[in-house]
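Written below as structure tokens is the structure these notes are about.
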Amino acid sequence: MGKIIAIHSYKGGTGKTLFSVNLATTFALKGKKACLLDMDFRAPSLHAIFKVNNVECWLNDYLNGTCTIQKALVDLSEISGGKGKLLVGLANPSTEAIRDMSAKDRKWEMRALGRLLSLRNSVLDEMGMDYLIFDTSPGLQYSSINAIVSADLVFVISTIDASDVQGTKRMLCELYDLFEKKTYIILNKVLMDISSKRGKEELSERLGNTHTLPIFEIVPCFCDILKAGGTYIVAKEKPQHFFSKMLCHMTEKINHL
Ligand SMILES: Nc1ncnc2c1ncn2[C@@H]1O[C@H](COP(=O)(O)OP(=O)(O)OP(=O)(O)O)[C@@H](O)[C@H]1O
Ligand SMILES: [Mg+2]
């Protein structure tokens, strides 16, 4: 049975897209069938990362009810060298589409939720995909809440900035728990050396009550990844990179959640 994973955060720029893309790619490289959807309609990014500009249909069209989900998916399986499958649904990056999506009313959002919920049947059961991953907008956007409601697991990517940690803690109590979602925190861009006792203490002091938080992984800030700025997919281009190895380990852990 397949799993639906939503990648979310309180603040912007925490690493959701980096994790979504590399998680989906790692699954495909391991021979799994992964489907990744760009649910960040305010600032689409997957078209730029995967360098795809011409598509028959956008994910926007699927949510508008004007095409099937199959038509809105681009097959990028070649990334896995024939080992697995990677299908990607892109959000339309045109200014007009971004404005259009931000003006949707509640009735539209309810219908969009219905279409997202039906993906369990179409993408996981009928198409036989192993994982469906949603890359979302930060905060309490309707599209992100819909993605969370539709998911089995939620990964919240947080930096150690005080405002991010506070917002993440608040969402744990007031959002994910409310929907009874299995939620895990990935602390990203961590600059402390957590292999040392002092580094661990510093991190603990910063977070307060670390033991009460469902921390899944603590990921350092990698200068080369920051410098690359999303111009290549680390898991694919640099399989020996510590980040790629962490991703491999995460995919194993996700299998057992
Ligand atoms: N652990 C890390 N080390 C170095 N750079 C990182 C790390 N995580 C993310 N980045 C970089 O930080 C920037 C923001 O990451 P990303 O776009 O994935 O964030 P996001 O949460 O998707 O942002 P948004 O909320 O705008 O969608 C990117 O340039 C990315 O490569
Ligand atoms: Mg993003």
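Below is a table of values for the structure above.
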item	result
Residue list for segment 108-144, restricted to those being under 20 Å from Ser9 (Cβ atoms) and either at pLDDT below 95 or polar (S, T, N, Q) (or both)	Thr136, Ser137, Leu140, Gln141, Tyr142, Ser143, Ser144
Residues located in segment 6-18, provided they are more than 6 Å from ligand 1 (Cβ to nearest atom) and either of a type in the set (Gly, Ala, Ser) or crowded, with 24+ Cβ neighbours inside 10 Å (or both)	Ala6, Ile7, His8, Tyr10
Neighbours by Cβ (under 7 Å, 6+ apart or cross-chain): first from segment 16-31, among the hydrophobic types (A, V, I, L, M, F, W, C); second within 13 Å of ligand 1 (Cβ to nearest atom) and in a loop (DSSP other than H, G, I, E, B)	Val21/Ile233
Selected residue (only one of Val234, Val190 is touching a His at 6+ places or on another chain (Cβ under 8 Å) and under 24 Å from Leu153 (Cβ atoms))	Val234
Filtered residues of segment 172-189 (kept if at pLDDT 95 or above and touching a Ser or Thr at 6+ places or on another chain (Cβ under 9 Å))	Ile185, Ile186, Leu187, Asn188, Lys189
Residue count for segment 219-253, restricted to those that are more than 10 Å from ligand 1 (Cβ to nearest atom) and either of a type in the set (S, T, N, Q) or in contact with a helix residue (DSSP H, G or I) (Cβ under 8 Å, 6 or more places away or on another chain) (or both)	12
Failed item in (1) in contact with a helix residue (DSSP H, G or I) (Cβ under 7 Å, 6 or more places away or on another chain); (2) within 22 Å of Lys245 (Cβ to Cβ); (3) away from ligand 2 (no atom under 16 Å from the Cβ), with Leu63 passing the rest	(2)
Any hit, segment 34-50, residues being in a loop (DSSP other than H, G, I, E, B), farther than 28 Å from Val190 by Cα, in contact with a strand residue (DSSP E or B) (Cβ under 7 Å, 6 or more places away or on another chain) and within 16 Å of ligand 2 (Cβ to nearest atom)	no
Counted residues, segment 135-154 - those being more than 12 Å from ligand 1 (Cβ to nearest atom) and either of a type outside the set (Ser, Thr, Tyr) or more than 20 Å from Asn60 (Cα to Cα) (or both)	10
For Pro138: the one exception among (1) assigned to a loop (DSSP other than H, G, I, E, B); (2) away from ligand 2 (no atom under 16 Å from the Cβ); (3) out of contact with any strand residue (DSSP E or B) (no Cβ under 6 Å at 6 or more places or on another chain)	(2)
All positions within segment 42-56 that are free of Cβ contacts under 8 Å to residues at least 40 places away in the same chain and either touching a Gly at 6+ places or on another chain (Cβ under 9 Å) or β-branched (Val, Ile, Thr) (or both)	Val52, Val55
When residues of segment 195-245 are limited to those that are loosely packed, with under 11 Cβ neighbours inside 10 Å and of a type in the set (Val, Ile, Thr), the one nearest to Ile185 (Cα to Cα)	Thr212
Helices (runs of 4 or more DSSP H) within segment 150-253 that include 3 or more residues without any contact (Cβ under 8 Å) to a residue 60 or more places away in the chain	162-171, 197-207, 223-228
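The values are calculated or read from the model by the stated rules, or taken from the named source; none is laboratory data. This one's a predicted model, so the numbers in the text were calculated from it and none came from an experiment. In this analysis, Cβ positions are derived from the backbone assuming ideal geometry, glycine residues included, and neighbour counts consider all displayed protein chains.
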